[in-house]
Amino acid sequence: MDVRARRLAILAGGGELPREIADSAAARGELVAIVAIDGEANADFGSHPVTRVNWGQIGAMIRTLKAAKATDLVIVGRVHRPELGGLKPDLGFFRYLPQIVKIVASGGDDSVLRRVVRFFERHGITVIGPGDAAPGLVVGKGPIGSATSSASDQADIARGLDLIRALGAYDIGQSVIISNGEIEVIEGAEGTDRMIARAAARRTARGSGKPAGVLVKRSKPGQDLRVDMPAIGPATVKGVQEAGLAGVAVEAGRVLVAERAETVRCADGMGVFVEGVSDGEERDPPRRFNARKVTMKFRVLGRAAPEQHGTHDAIKGIATLDALTGFGIGRAVIVVRNHVLAVETGEGAEEAVRRAAGLRQWASITRTRRGVATLRDVTDLTSAVVKAVASAGYAGIALASGPQEPAAVPPKLLAEADHAGIFLLVREPAVGAAT
């Protein structure tokens with residue numbers, strides 16, 4: 001489409017990117033309208049026309065977009081998964097409620113966002129990526145500041161790209177931190193900034209020397225860049241420096257940089273490199289993992305038995321653990337409603353479960369227990385883990401490998417799981433597999 005004929009709307013969350021995209025489009029002569037999400041959008045939008053709506057005002061969103069005669073829509077900016085109690089629904093919300101329920105119940109972020117795209121496109125509005133609306137915000141290949149990566153950094157970058165690629169099918173791991181080949185943390189549902197802070201706390205606790213290690217950030221294979229394009233900015237660089245890392249490597253052509261001038265100033269002032277890199281091993285994206293299409297048999301070790309959704313979460317968690325095996329990490333993976341909330345990377349299964357309890361998926365429409373803590377094997381099953389799972393309100397625990405008979409699990413642990421009403425499963429070996 002000729003940009004002069006395009007009428008661009010921006011559904012704006014937090015941060016400066018919505019304003020930067022609006023300015024970029026306006027500078028090219030495009031007409032721009034902004035729909036800002038209350039409680040999320042915090043930029044100064046200047047002279048751009050702005051309509052503020054609550055998450056629950058779906059009807060108002062659609063009316064605003066149609067009144068602006070929007071042809072294209074960019075969905076961009078930080079958002080928090082909304083709490084149902086904070087919604088202020090309008091009539092449009094109830095009109096589209098069946099579609100909203102399907103969106104929320106669809107599972108991980110990728111599934112939710114793809115359905116959001118389809119929702120708006122049914123109303124005749126084309127959803128485009130931030131990079132299409134503002135190409136100047138996309139990180140190209142090479143450093144954007146004066147600092148550059150070392151040979152050791154480049155080895156860490158390659159390993160990080162390999163890991164994110166391997167996890168792509170499971171809708172997790174957009175960012176990782178690697179240092180001297182060691183995988184320190186993997187981003188879960190907490191987002192990049194909180195992942196960096198978690199790495200910083202661990203590094204401070206154990207002491208650190210000169211800056212080392214890299215934050216690697218790239219799109220997940222098959223990720224829809226129209227609605228979930230990775231981004232970095234000054235806060236990323238500051239977090240990396242505070243964590244004692246040497247720099248940031250992002251996938252060239254597929255990551256945005258907010259406040260580029262300030263990001264470069266921070267990086268140069270702190271001696272942190274920021275580079276765009278190409279993934280030389282890029283292939284066709286892997287098929288999205290679908291637990292409903294995977295055959296995996298389990299033995300129930302306690303009195304409680306899983307519902308179907310619990311079995312599906314167990315399958316996805318164990319499949320994610322299997323994918324991590326070649327990287328020598330991952331004692332636990334926590335999955336809630338088909339969404340991987342957290343991956344254990346050295347802190348132990350109990351801490352991973354407790355960390356996941358503070359994270360959340362898109363607002364649940366049921367109060368029943370949901371979610372499974374999948375563990376590498378029976379050595380990760382402790383009384384503390386059972387209590388943490390119960391406290392988090394998860395439905396159960398699944399072991400990727402372990403004893404095939406209840407008697408092989410300490411009776412105390414079985415009794416604790418039974419008392420808490422959580423199920424305890426162990427994957428049965430595939431037919432013909434070595435035991």
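The values are calculated or read from the model by the stated rules, or taken from the named source; none is laboratory data. Remember, it's a predicted structure, so these values are computed and weren't measured experimentally. Note that each Cβ is placed from the backbone with ideal geometry, even for glycine, and that neighbours are counted across all protein chains shown.
Out of ARG303, ARG299, ARG292, ARG265, one residue alone is of a type outside the set (Gly, Ala, Ser) and part of a loop (DSSP other than H, G, I, E, B). It is ARG303.
Taking the conditions exactly as written (assigned to a loop (DSSP other than H, G, I, E, B) and closer than 15 Å to VAL240 by Cβ), does ALA212 satisfy them or not? Can you show your working first?
Working: assigned to a loop (DSSP other than H, G, I, E, B): yes; closer than 15 Å to VAL240 by Cβ: yes.
Judged against the criteria, ALA212 is a match.
Take the residues in the stretch 28-43 that are closer than 12 Å to GLY13 by Cα and acidic (Asp, Glu); name whichever of them is surrounded by the fewest Cβ atoms within 10 Å (Cβ to Cβ). If you could, list the steps in order and put the result at the bottom.
At the first step, the residues of the stretch 28-43 found to be closer than 12 Å to GLY13 by Cα are 34-43.
Then drop every residue that is not acidic (Asp, Glu), which leaves 38, 40.
Numbers: ASP38: 13, GLU40: 19.
Once the filter is applied, the top-ranked residue is ASP38.
Residue pairs whose Cβ atoms lie under 7 Å apart, separated by 6 or more positions or on different chains, with the first residue in the stretch 113-132 and part of a helix (DSSP H, G or I) and the second among the polar types (S, T, N, Q), are ARG115/SER106; PHE119/GLN99.
Tell me, which residue of the stretch 303-336 that is among the acidic types (Asp, Glu) and over 17 Å from the mean Cα position of the chain (by Cα) is nearest to GLU428 (Cα to Cα)?
The initial filter retains those residues of the stretch 303-336 that are among the acidic types (Asp, Glu), namely 307, 313, 322.
Filter again for over 17 Å from the mean Cα position of the chain (by Cα), leaving 307, 322.
Values: GLU307: 18, ASP322: 14 Å.
Ranking the qualifying residues of the stretch 303-336, first place goes to ASP322.
When only residues in the stretch 191-222 that are of a type outside the set (A, V, I, L, M, F, W, C) and over 18 Å from VAL248 (Cβ atoms) count, which is surrounded by the most Cβ atoms within 10 Å (Cβ to Cβ)? Before the answer, list the steps.
Going through the stretch 191-222, the residues of a type outside the set (A, V, I, L, M, F, W, C) turn out to be 191-194, 198, 202-204, 206-211, 213, 217-222.
Restricting the remaining residues to those that are over 18 Å from VAL248 (Cβ atoms) gives 202, 204, 206-207, 209, 221-222.
On the way: ARG202: 17, THR204: 12, ARG206: 6, GLY207: 7, GLY209: 6, PRO221: 19, GLY222: 14.
Filtering the stretch 191-222 for residues that are of a type outside the set (A, V, I, L, M, F, W, C) and over 18 Å from VAL248 (Cβ atoms), the one surrounded by the most Cβ atoms within 10 Å (Cβ to Cβ) comes out as PRO221.
Scanning the stretch 118-139 for residues that are exposed (fewer than 14 other Cβ atoms within 10 Å of the Cβ) and of a type in the set (Gly, Ala, Ser) returns GLY124, GLY136.
One line per residue, one yes/no per condition, for (1) touching a helix residue (DSSP H, G or I) at 6+ places or on another chain (Cβ under 6 Å); (2) at pLDDT below 95:
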site: ILE157; (1), (2): no, no
site: GLY160; (1), (2): no, no
site: ALA205; (1), (2): no, yes
site: ALA212; (1), (2): no, yes
site: ARG218; (1), (2): yes, yes
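Among the residues of the stretch 10-37, those that are in a loop (DSSP other than H, G, I, E, B) and within 22 Å of the chain's Cα centre (by Cα) comprise GLY13, GLY15, GLU16.
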